[in-house]
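To start, the structure itself, in structure tokens.
Nothing in this text is a laboratory measurement; each read-out follows from the coordinates by a stated rule. Keep in mind the model is a prediction, meaning the values are calculated, not measured. Quick reminder, even Gly has a Cβ in these numbers, built from the backbone with ideal geometry, and neighbours come from all protein chains shown.
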Amino acid sequence: MRILCWHVNSIKWRPVKEIKAISEPAAEGKWSEVKDCIACLTAFEKRDEENPEIISQAVGGIKEVTGQVKVMRVVLYPYAHLSNELSSAGFAKEKLNELKKALEKEGFEVHKSPFGWYKEFIVHCKGHPLAEANRTY
């Protein structure tokens, strides 16, 4: 699994084109925005399908990043472009939802952009030394 974390003033996204075979329900064309959060661009990889600890590892990494900047709001943003060895779409969609629930159980406010959509997005990333981080599991 690969996660690119940005500490952002805001992240906005708008689903524009559905990938019908793998998409989850979303309001096409409707903007969503979350302010003052950690935006976690995520990609699940083939090797994650054999790793029963992948969700707990991801939670630990996200907690490390959020703890450094004292933020309890997270956006999970599926971003297949982080890897050339992606897991199956079904696995990624299922695990992304598990990750959301696991983070909520830890007390985080969690938002998720829709899986299986091409999206337009706008990010206003903060400029401090801890504003950008990546994790690989």
Separation in nanometres of the label points that stand 7 Å from Cα toward Cβ, at residue 63 and residue 85 | 2.8 nm
Calculate the spin-label point distance for residue 50 paired with residue 33, positioning each point 7 Å from the Cα along the beta-carbon direction, and give it in nanometres.
-> 4.6 nm
The range 28-90: trypsin sites (Lys or Arg not before Pro) in DSSP coil with no more than 15 other Cβ atoms inside 10 Å | 30, 70
Mind listing which GluC sites (Glu not before Pro) in the range 2-68 are in a DSSP loop and have 15 or fewer other Cβ atoms within 10 Å?
-> 28, 53
Within the range 78-97, whose backbone N sits under 16 Å from a point 7 Å along Cα→Cβ of residue 20?
-> none
Starting from the Cα gyration tensor of the range 2-129, take the square roots of the eigenvalues, sort them a ≥ b ≥ c, and report rounded, prolate or oblate (rounded when a/c is under 1.5, otherwise prolate if a/b is larger than b/c, else oblate).
-> oblate
Just need the relative contact order of the chain here, percent rounded to a whole number, with Cα pairs under 8 Å and 6+ apart.
-> 43 percent
